[in-house]
1. Go through segment 29-60 and give me each residue that's of a type in the set (Ser, Thr, Tyr) and outside any helix (DSSP H, G or I).
Amino acid sequence: MPYCITLRSRTDKTITGWYDGTDSRWSTDHKRQKVFDTQRDAEPVCHQLRKLCPRNASVINIETPNAALAACESDSPQFWGGRELPRPYRQEREERLIQAAI
């Protein structure tokens, strides 16, 4: 089963980045995520990232890509096309979805 390393927001637990294996380490594009074959392969990298960023250690996780992407499906009011919407647009989209459901 494939695994990826995610960085989640401390406040609302949404994914803010994926480990991509480059020198910059993180990407906001889920298509650039580095996929590990096993959880055992991802553990040393995750440990190193937690060691480099101790303040964010609790929000750096190993997850399956499917579980990670489930948090940002395009039908979620918070996300659109895989990208997070700014808060005013998010509220507007939520209102439109509620009106469409009524």
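The values are calculated or read from the model by the stated rules, or taken from the named source; none is laboratory data. Remember, predicted model here, so these are calculated numbers, not experimental data.
1. Answer for segment 29-60, where residues must be of a type in the set (Ser, Thr, Tyr) and outside any helix (DSSP H, G or I): just THR38.
Here's the yes/no breakdown for (1) at pLDDT 90 or above; (2) within 19 Å of ASP12 (Cα to Cα):
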position	(1), (2)
LYS51	yes, no
ILE60	yes, yes
THR64	no, no
ALA67	no, yes
ASP75	no, yes
PHE79	no, yes
GLY82	no, yes
LEU85	no, yes
